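Input: a single structure, listed below in structure tokens.
Values in this text are rule-based calculations from the coordinates and carry no lab data. A quick note: this is a predicted structure, and the numbers were derived from the prediction, not measured. Backbone-built Cβ (ideal geometry, glycine too); neighbour counts: all protein chains shown.
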């Protein structure tokens, strides 16, 4: 009997998709085909590989309406937001744009006596294990630069977004990328681990939970295969006394609630200077209270269900524990809240770091807001976390934002912005958020290895 993987739609709990899992033998065969195809792919001119990736991006762009509809069914994002092509295109196109410069050799000397240079060489086979929350954008962060750099790619997508992996493969193959160069695979955890531990791949990029990242590193232990991880987050925002209150409320609350709070760099903790605290809370509560929770296929819906009932259960548990410990919940249950995947977005005050909702990753539509009296207090609270992906500072003083940023244990510091990934900057984290470098010039460096040439001519 063939084992399968199912996507349970959060819209109504029905089985939306079901696909057969590859056997271990079939998965190893796929990896072998990718390895065999890699030298010829890397031998193609860089300009040709760039052109093929750009063509694949364009193919995805032809399917935006379909993408939005399919994502609504798979993970609950409302169709009104139109899929992910904007960010997908921005990231992939930027990496294509900088490729020639980023992958250019470093020439130390080129004289009659010596040629000394450092080239960038592809790892070989890159395994991308992608998450469901932004299934196109997170996957393309690695898929595009990996292919451009001369690697072949095996993509294993999350069960919740099975179709995204299929659609990406369709687009790349339609654009002319060979079948063996980019493969979408349906794998269970054991087979995925076997691909890594058996050295059937040469590089692993994983986006997901801390536990998942640990499993990847354990599979790679002793193989010396590089593993890049983007794991959990508990991203904070700090609103200083000189901040633009309206802009801070609108952006931070959107950063906390968009995609039902299921964003890698979504805001989960907000610290507000005492001078603005009351007004901030008032505006935040009014904004969240205006959201329409409902079926993501309805154009009027501004917040859909969480991707799975068990994700909503974790958020409900964190909120209930906090309220029992003295937190104040400001948003009354919404009509569409069914106790399952449809979850009322929540604003909490009177919270402390003794509560799980301010320590553990929520990954849902809840934000805890705390009052602070100084930069020093805010910095201490922002750093009081096992995670470190992004942190935002809201202020009119850029020098102060930079000064505060230098003291924050995080991968990215924002000023007057949050919940955004700029492909020109390195996407990275620290502490339990993982390690690695995605996008930017450093993304190409991560997906290649340096190779030195010391050529003595005379």
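Listing for the model above:
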read-out	value
Pairwise label distance in nanometres, residue 211 with residue 413, each label 7 Å out on the Cα-Cβ vector	3.5
Pairs of Cα atoms farther than 18 Å apart, segment 51-131, %	64
Spatial separation of Cα centroids for segment 38-93 and segment 303-326, in angstrom	32
D (Stokes-Einstein, µm²/s), Kirkwood Cα radius, segment 402-458, 1.306 mPa s at 10 °C	114
Percent of alpha-carbon pairs separated by more than 14 Å within segment 310-372	50
Cβ crowding within 10 Å averaged over residues, with 434-445, 258-269 ranked highest first	258-269, 434-445
For segment 302-413: relative contact order, % (alpha-carbon pairs under 8 angstrom, 6 or more apart)	21
√(5λ) per eigenvalue of the Cα gyration tensor, segment 205-280, largest first, Å	37, 12, 9
Angstrom value of the Kirkwood radius, inverse mean 1/r, which spans all Cα pairs in segment 227-269	11.4
Viscosity 1.567 mPa s, temperature 4 °C, Stokes-Einstein D of segment 57-205 from Kirkwood C-alpha radius, µm²/s	78
The chain, relative contact order [Cα under 8 Å, separation at least 6], %	19
Value in Å of the Kirkwood radius, where segment 253-412 supplies the Cα pairs that are averaged	16.2
Shape parameters for the chain, alpha-carbon atoms, Rg then Dmax in Å	22.9, 82
Value of [θ]222 nm, deg cm²/dmol, for the chain, DSSP H segments ≥ 4, -39500 (n - 2.57) each, nearest 500	-12500 deg cm²/dmol
Solvent-free Debye scattering, log10 I(q)/I(0), computed from the Cα coordinates of segment 1-49 at q = 0.13, 0.18, 0.28, 0.29 Å⁻¹	-0.58, -0.72, -0.98, -1.01
